[in-house]
Amino acid sequence: MRITTVGLDADDTLWHNETIFRLTQDRFRALMAEVAEPAVLDERLAAVERRNLRLYGYGVKGFTLSLIETAMELTSGNPPGRVIADILAAGREMLAHPVETLPGVDNALAELSQTYRLVLITKGDLLHQEQKLAASGLGDLFAAVEIVSEKDAATYERVFARHGTGAGEAAMCGNSIRSDILPALQAGAFAAHIPYPLTWAHEMADAPTGHPRFAELAAISQLPAWVTGLAVSQS
């Protein structure tokens, strides 16, 4: 069996993302300090985000709306005007935040693109993800870009069939066990997990330790050698 296609997640795999969300959440705690304790605020925000995912999807815009909704719930529908204004300002700043690629990304993708078809597979707001990809300078290395509403086995089956030779000849790389690893394995692909220091609670899941198509890598710089090793071991 050969490997023809490598799928890559974007946020917290190619560039920093969760760090920006955490900083904004810290700012929200400060804004709401007189209303709720940090632990209460975090719990309520997490519940609101989970409830809103099916409506707003993933990304900064949905997060900003969830911040506003949380503020309204904790103030009985009457948050101070300055709080709403500050939340909206924070959301705009997140959208305009510079893209900072992670160490080793440029070289790893350049090396992989010489042999394999690279496909970016990411969740989030379409416009914002397109803007981040353009700002990253990595766009020309990808044969295709798929910005999806959810990552499940059907998504990976469809994407790898459309842009490759099927999931069985593909490898997926990402920082989220829940979104990048488990459904890719279910679809029949290989999968490499590259942890990021911070993980959104919604993306938490247990690693499939011992799975024959799964690997845990310390950094994306190890990805080219791992994929090449798959091609050799499966030949």
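Tabulated data for the structure shown
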{"item": "Qualifying positions in region 1-25 - under 20 Å from the mean Cα position of the chain (by Cα) and among the charged types (D, E, K, R)", "result": "9, 11, 12, 18, 22"}
{"item": "Residue tally, condition aliphatic (A, V, I, L, M) and more than 24 Å from residue 219 (Cβ to Cβ), over region 143-182", "result": "8"}
{"item": "Boolean, residue 61 is of a type in the set (D, E, K, R), assigned to a helix (DSSP H, G or I), touching a residue at least 24 places away in the same chain (Cβ under 8 Å) and not assigned by TED's automatic domain parsing to the domain that holds residue 201", "result": "yes"}
{"item": "Within region 14-34, considering residues that are surrounded by 15 or more Cβ atoms within 10 Å (Cβ to Cβ) and aliphatic (A, V, I, L, M), the one farthest from residue 82 (Cα to Cα)", "result": "14"}
{"item": "Test: residue in region 101-114 that is free of Cβ contacts under 8 Å to residues at least 24 places away in the same chain and in the same structural domain as residue 200 (by TED's automatic domain parsing)", "result": "yes"}
{"item": "Leading residue by the ranking (nearest to residue 151 (Cα to Cα)) among those in region 114-127 that are at pLDDT 95 or above and either of a type in the set (Phe, Trp, Tyr) or surrounded by fewer than 17 Cβ atoms within 10 Å (Cβ to Cβ) (or both)", "result": "116"}
{"item": "Some residue of region 170-181 being within 28 Å of residue 22 (Cα to Cα), at pLDDT 95 or above, of a type in the set (Ser, Thr, Tyr) and in contact with a Pro (Cβ under 8 Å, 6 or more places away or on another chain)", "result": "no"}
{"item": "Condition met for residue 87 (modelled with pLDDT of 95 or more, under 30 Å from residue 43 (Cα atoms) and touching a Leu at 6+ places or on another chain (Cβ under 6 Å))", "result": "yes"}
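Per-residue answers, yes or no, for (1) in contact with a helix residue (DSSP H, G or I) (Cβ under 9 Å, 6 or more places away or on another chain); (2) at pLDDT below 95; (3) closer than 30 Å to residue 169 by Cβ:
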site: 2; (1), (2), (3): yes, yes, yes
site: 13; (1), (2), (3): yes, no, yes
site: 25; (1), (2), (3): yes, no, no
site: 28; (1), (2), (3): yes, no, no
site: 65; (1), (2), (3): yes, no, no
site: 69; (1), (2), (3): yes, no, no
site: 76; (1), (2), (3): no, yes, no
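The values are calculated or read from the model by the stated rules, or taken from the named source; none is laboratory data. Bear in mind the structure is a predicted one, so any value in this text is a computation, not a measurement. In this analysis, Cβ positions are derived from the backbone assuming ideal geometry, glycine residues included, and neighbour counts consider all displayed protein chains.
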